[in-house]
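The values are calculated or read from the model by the stated rules, or taken from the named source; none is laboratory data. Since the structure is predicted, the reported quantities are computational estimates derived from the model, not experimental observations. Here Cβ is always computed from backbone atoms with ideal geometry, including for glycine, and neighbour counts include all displayed protein chains.
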Amino acid sequence: MWRKPIVKTNNRHVKACGVVVAALLGVNGSNGDAQTYPSRPVKAVTDVGTGGTYDIFVRALGEELRKKWGQAIVVEPHPGGNAVIGNRMCATSPPDGYTLCFLSNQGMVTNEFLYKKLPYALTSFTPIMNLFFNTQVIVVNASLNVRSLEELATLAKAKPGTLNYVVPGTFQRVFFDRFNKRYGTDLVAIPFKGGGDALNGVLSGVTPIAFIGGANFAPYVREGKMVALAVDSVARSPLFPETPTLTELGYPDNLPRTYLAFAAPARMPNDIIGKVHHDVAAIMSEPAFRKRHLLDRGLEPVVDTPEQFARSLEIERRLIRDLVQEAGIQPR
C-alpha cells in the first residue's frame, strides 16, 4: 500500500516557512472546471534535454496520463541556460492546467542565488509534488584506471589541469570544490545540456568524470566501460550495490538531494491541482510502473502533498543559500 512520507520540519522555521507556503499556495483560484479537465492536449515542459533520466521518466508518466485522461501529453524539452530556459517557459505559461512542468531543483531553487536577475522566482510556480529523489553517482571513464576517490585524487595530482568533470547542479559542484580543497587537486567543471550529453562525454573521455543521476550510467558500469566511485544516497543504491555511499567514505552528509519537481505556473486553480496530484500519485503507486520506472532505475519515490512540498522548498532554499556562500559563488 502506498504511504505518504512523513516530512519533518524544524520548529524554528515553521513561522518563516508558513509565509512562503502561503505565497506559493494561497494565490491559486478555486474553479478550474476539473470535471472536464483536460479537454485538449497538455504540454509537459522540462528543463533538461532528451535522453536523460528525467526525460525518459516524464515520457513514461505522460503515456500513463494519456491513458487516464484520453488526451496527448506533449513533452517539450527546454534545456540549457543552467535550467533557466525551461523554468522561464513554465513560469510564463498560462496557469490553466494545460502546461505542467517537470523541473530540476537546480532551476527552481538554486538559480536564485546564482543570478542577479532571473525571469522567474520561486513564487512563479505552483508546487504540486516532489516526484522522487534521483540518486547521484560519481563515475569515471574506465580508461582512467581509478577505483576510488583517493585514486582519482592521486591521478589528478599527477596530471594537473587535464581532468574535467560534469555535474548537473550546484550541490555536486560544491562537492568537487571541497574535493579539490581536500586533496589539492584542480578538477574543472564543464557545462553540458542534458543527461545524454553528459553520458556521451564520459564514454568518449572528453569529460571523463561525472557526478550525476545514475540510472543511465549503470549499464556502462556493469559492462566495465565506467567505474562507479560513490553514491549520495543514504543507503547503497540497488543500481550500484558494490559502490559505497559518500557517508561511508567519511564525507559530510550536508548536501541537498537531487530530485524532480512536479509543478505548474503560479495561480493554477486548486481543483486542477488536486486532480493532477491525485492522478499522478495514483500512477506512481502502481506496482508495475513504480518498479519499472522508479525502483529499477534507482529513483526513490517521494510523492508528497503540495503543502509539504512547498515547505520543503523553503527549507532547501535556506540550505542552498548557505552552500552557495560556502562555495564563494558570486551571482552573475
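One residue alone among Asn82, Asn130, Asn111, Asn87 is at positive phi, assigned by TED's automatic domain parsing to the domain that holds Ala261 and under 19 Å from the mean Cα position of the chain (by Cα), and that residue is Asn82. In the set Glu316, Glu223, only one residue is without any contact (Cβ under 8 Å) to a residue 12 or more places away in the chain and farther than 30 Å from Trp69 by Cβ; that residue is Glu223.
Which one is surrounded by the most Cβ atoms within 10 Å (Cβ to Cβ), of the residues in the range 151-176 that are in a helix (DSSP H, G or I) and more than 20 Å from the chain's Cα centre (by Cα)? I'd like the intermediate steps shown before the answer.
Residues of the range 151-176 that are in a helix (DSSP H, G or I), as a first pass: 151-158, 170-176.
From what's left, more than 20 Å from the chain's Cα centre (by Cα): 151-158.
Numbers: Glu151: 15, Leu152: 25, Ala153: 18, Thr154: 14, Leu155: 16, Ala156: 22, Lys157: 12, Ala158: 9.
Once the filter is applied, the top-ranked residue is Leu152.
For Lys193, state whether it is surrounded by fewer than 22 Cβ atoms within 10 Å (Cβ to Cβ), assigned to a loop (DSSP other than H, G, I, E, B), basic (Lys, Arg) and assigned by TED's automatic domain parsing to the domain that holds Ala310.
The answer is no for Lys193.
In this entry, Val227 is excluded by the filter for residues that are within 23 Å of Gly49 (Cα to Cα) and either modelled with pLDDT of 90 or more or not assigned by TED's automatic domain parsing to the domain that holds Val45 (or both). Within the range 144-167, being of a type in the set (Val, Ile, Thr) and within 17 Å of Arg182 (Cα to Cα) holds for one residue alone: Thr154.
Any idea how many residues of the range 64-86 are free of Cβ contacts under 8 Å to residues at least 12 places away in the same chain, assigned to a helix (DSSP H, G or I) and within 13 Å of Asp279 (Cβ to Cβ)? Break it down stepwise before answering.
First, the residues of the range 64-86 that are free of Cβ contacts under 8 Å to residues at least 12 places away in the same chain: 66-67, 70, 81.
Filter once more, keeping what is assigned to a helix (DSSP H, G or I): 66-67, 81.
Next, only the ones that are within 13 Å of Asp279 (Cβ to Cβ) stay: 66-67.
Summing the residues that are free of Cβ contacts under 8 Å to residues at least 12 places away in the same chain, assigned to a helix (DSSP H, G or I) and within 13 Å of Asp279 (Cβ to Cβ) in the range 64-86 gives 2.
Scanning the range 300-319 for residues that are aliphatic (A, V, I, L, M) and farther than 15 Å from His277 by Cβ yields Leu313, Ile315, Leu319.
Output yes when any residue across the range 310-318 is of a type outside the set (D, E, K, R) and closer than 19 Å to Ala44 by Cβ, and no when none is. Within the range 310-318 (the criterion being of a type outside the set (D, E, K, R) and closer than 19 Å to Ala44 by Cβ), the answer is no, since none of the residues qualifies. Across the range 97-127, the qualifying residues are those that are without any contact (Cβ under 8 Å) to a residue 40 or more places away in the chain and surrounded by fewer than 22 Cβ atoms within 10 Å (Cβ to Cβ), and the one among them that is nearest to Glu307 (Cα to Cα) is Ala121.
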